[in-house]
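Some notes on the structure that comes next.
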Amino acid sequence: GSGAATAEVKLSRRRWAVLLLFSSYSLCNAFQWIQYGSINNIFVRFYDVSAFAVDWLSMSYMLTYIPLLFPVAWLLDKRGLRLIALAGSALNATGAWVKLGSLKPHLFPITVLGQVICALAQVFILGMPSRIASVWFGSHEVSTACSIAVFGNQLGIAVGFLLPPVLIPNVEDVEKLAYHISIMYFMTAGVASALFILVIIVFQEKPPSPPSRAQALIQSRPTAEYSYVQSILRLLRNANFLLLMVTYGLNVGCFYALSTLLNRMVIQHYPGEEVNAGRIGLTIVLSGMVGALISGIWLDRTKAYKQTTLAIYIMSLVGMIVYTFTLSLGYLWVVFVTAGVLGFFMTGYLPLGFEFAAELTYPESEGTSSGLLNVSAQIFGIAFTIGQGQIMDHFGTKAGNLFLCSFLFLGTVMTAFIKADLRRQQANLENEHT
C-alpha cells in the first residue's frame, strides 16, 4: 500500500544491543537445559535417582514446549517482542533461584520444579530469533542476525557441557558434592537475574522505522485481517513447509538426543572421563556455531536455500555414520574430531531451517513457522532420546547411534523433495522494481 512507500526504511543502532541481550539470556536458559545431562552420572548419585530420571530433566524442556508453543506464539503476535522478552528472562531467573532450594539429596522434586520453570522460559525464547531478525535488521543482514540469535542458545549448550564437569568434580562425600552444586546454582541465578534487569532497561518493542521493505509492508497491513488459527492452518496446507517441518524435526531431534545422552555414551567407552565427555559436547557445539555462522553468511550472499539445506543434511548423515563407527575405537582424540565434524553440520543446519521456513511461508509470521519447526524438533527429540536410551541399555551405544543414522537418512531423502518456493525473496524483488 501507499503506507509502505512512505515509511522510511532505516536501520536502528540499538538493533545490536537487542540482539546481544536476547542471545545472552537465551544462552543462560540453554545452559540450564543441559547442566544435568553433561554430568548425568554425578546427579544420579547425588539425588539417588535413575539415569532415566535425570534424562527427564533434559526432556522436560522438550515436553513443556509442545503444548505451550501456540499460546506463546499467539502472545508474540498480539503483544509483541518486549513482553515475550520480559517473560522469558523473568522465568529463566525464577527457575534458577528455585533450584537453589534443592541442595539436599532428598530434594530432587524441587530441582524438577526449577527445571520446569526454566523449561517454561524456553517457550518464550526459542521462537524469537527469526522474529527479532525480521523486525530489527535489514534484508541483507537478516540471515546473519538470525544465526547470531540462534548462536546464543548454542553457546549456552556449549557452556553447559564445559562448566558443570569442571565445577562439580565426582567426589564421594555428599556434603562436598552439595557444596560444589550450590556454587553452580548460585552463579546461574546471579547471571540470570542480571540479564532480567538488563532486559527491563534495554529491550524495545521495535525500532523507530522499519529496517526493510518486506517489514514496512507487514507494518502497513491492518492487524484485523490477521487470524492466528488461519495462519497455522495455511502453514499446515503448505506442502513444502510440511516437508521442511518433518525433516527439521528429524535432524534437530537427533541433535537433542545426542546432547542428552552424550555423557552416558562417552562414559560407557571411556570410564572416568566426565570432563572430557563435557569437552566433546563443547566441541560439537562450538564447531556447530561456526557452521551456523558460515551458513547464515552464505545464505545472505547466495539465497540458495534448498541446495544449502540439502548439502548440510547429507553431511550431517555422513558425520553421524563416521561418529557411530569411531566412538568405540578407544582413541578419545578421534571422538573429538568426528564429534566436531558432526556438530559443524548438525548445528549449522539450525538457522538454515528457520530462514528457509521464513522464505517458504512469507508473509506468515516467523514466530509461527519457527514455532512449528521447534515443536517438530521437540517431539522427535523426546522420541529419539527415549528410544536411543533404551537401545543403548539393551544393545549398546553403536546400535543406539545407528538408530539415529537411519532417521537422518530418511530426512535427507525427504529434503530432496522440497521445492524452493522463495516467497520473501519475491516480495523484496517486486518491491525494488515498483
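Tabulated values for the structure
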| read-out | value |
| --- | --- |
| Odd one out for E366, checked against (1) out of contact with any Lys or Arg (no Cβ under 6 Å at 6 or more places or on another chain); (2) surrounded by 24 or more Cβ atoms within 10 Å (Cβ to Cβ) | (1) |
| Members of the range 40-91 found to be among the small types (G, A, S) and in a helix (DSSP H, G or I), listed by number | A51, A53, S58, S60, A73, A85, A87, G88, S89, A90 |
| Residues of the range 157-169 classified as among the aliphatic types (A, V, I, L, M), over 18 Å from the mean Cα position of the chain (by Cα) and either assigned by the TED database to the domain that holds L293 or in a helix (DSSP H, G or I) (or both), total | 3 |
| Every residue from the range 42-57 that is surrounded by fewer than 20 Cβ atoms within 10 Å (Cβ to Cβ) and in contact with a Lys or Arg (Cβ under 9 Å, 6 or more places away or on another chain) | A51 |
| Conditions (1) open to solvent by 40 Å² or more (accessible area, probe 1.4 Å); (2) touching a residue at least 60 places away in the same chain (Cβ under 8 Å); (3) farther than 20 Å from E359 by Cβ: number failed by I297 | (3) |
| Whichever residue in the range 97-137 is more than 17 Å from the chain's Cα centre (by Cα) and of a type in the set (S, T, Y) and, among such residues, is farthest from Y179 (Cα to Cα) | S134 |
| Evaluation of I321 against (1) more than 20 Å from the chain's Cα centre (by Cα); (2) more than 27 Å from P164 (Cα to Cα); (3) open to solvent by less than 20 Å² (accessible area, probe 1.4 Å) (one fails), failing number | (3) |
| Candidate set from the range 406-421 (those that are buried (at least 19 other Cβ atoms within 10 Å of the Cβ) and not hydroxyl-bearing (S, T, Y)); member that is modelled with the lowest pLDDT | I418 |
| Subset tally (residues that are surrounded by fewer than 17 Cβ atoms within 10 Å (Cβ to Cβ) and either closer than 23 Å to L21 by Cα or without any contact (Cβ under 8 Å) to a residue 24 or more places away in the chain (or both)) for the range 58-74 | 2 |
| Filter pass, G400 being open to solvent by less than 20 Å² (accessible area, probe 1.4 Å), farther than 20 Å from M315 by Cβ and of a type outside the set (A, V, I, L, M) | yes |
| All positions within the range 300-310 that are of a type in the set (S, T, N, Q) and crowded, with 19+ Cβ neighbours inside 10 Å | T308, T309 |
| Cross-chain or 6+ apart pairs with Cβ under 8 Å, the range 143-160 first and touching a residue at least 40 places away in the same chain (Cβ under 8 Å), then charged (D, E, K, R) | S143/D300; S143/E355; T144/D300; A145/R15; C146/E355 |
| The range 1-19, subset polar (S, T, N, Q) and open to solvent by 40 Å² or more (accessible area, probe 1.4 Å), residue modelled with the highest pLDDT | T6 |
| Test: residue in the range 401-410 that is part of a helix (DSSP H, G or I), more than 22 Å from Y61 (Cα to Cα) and either of a type in the set (D, E, K, R) or not assigned by the TED database to the domain that holds G288 (or both) | no |
| The range 137-147, residues that are at pLDDT below 85 and not polar (S, T, N, Q) | G138, H140, E141, V142, C146 |
| Pair list, Cβ < 8 Å and 6+ apart or interchain, from the range 325-347 residues that are on the phi > 0 side of the Ramachandran plot to residues that are part of a helix (DSSP H, G or I) | G330/H269 |
| Test: residue in the range 148-156 that is under 23 Å from the mean Cα position of the chain (by Cα), of a type in the set (S, T, N, Q) and either not assigned by the TED database to the domain that holds H106 or not in a loop (DSSP other than H, G, I, E, B) (or both) | yes |
| Only listed residue being farther than 30 Å from I201 by Cα and surrounded by 24 or more Cβ atoms within 10 Å (Cβ to Cβ), chosen from I39, I34 | I39 |
| Test: Q390 is farther than 28 Å from S143 by Cα and either open to solvent by less than 20 Å² (accessible area, probe 1.4 Å) or out of contact with any Leu (no Cβ under 9 Å at 6 or more places or on another chain) (or both) | yes |
| Given (1) in a helix (DSSP H, G or I); (2) closer than 28 Å to T302 by Cβ; (3) open to solvent by less than 30 Å² (accessible area, probe 1.4 Å), number of the condition T111 does not satisfy | (2) |
| Test: residue in the range 12-29 that is assigned by the TED database to the domain that holds E172, closer than 22 Å to I157 by Cβ, among the aromatic types (F, W, Y) and not in a helix (DSSP H, G or I) | no |
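Residues are listed down the side, and each one gets a yes or a no for (1) at pLDDT 85 or above; (2) closer than 21 Å to I297 by Cα; (3) among the charged types (D, E, K, R):
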| residue | (1), (2), (3) |
| --- | --- |
| L352 | yes, yes, no |
| G371 | no, no, no |
| V375 | yes, no, no |
| F380 | yes, no, no |
| T397 | yes, no, no |
| F403 | yes, no, no |
| A427 | no, yes, no |
| H433 | no, no, no |
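The values are calculated or read from the model by the stated rules, or taken from the named source; none is laboratory data. Nothing here was measured: the structure is a model prediction, and the numbers come from that model. Every residue, glycine as well, gets a Cβ built from its backbone with ideal geometry; the counts of neighbours run over all protein chains shown. Only protein heavy atoms, including side chains, enter the accessible area calculation; ligands, DNA and RNA are left aside. Shrake-Rupley method; radii C 1.70, N 1.55, O 1.52, S 1.80 Å.
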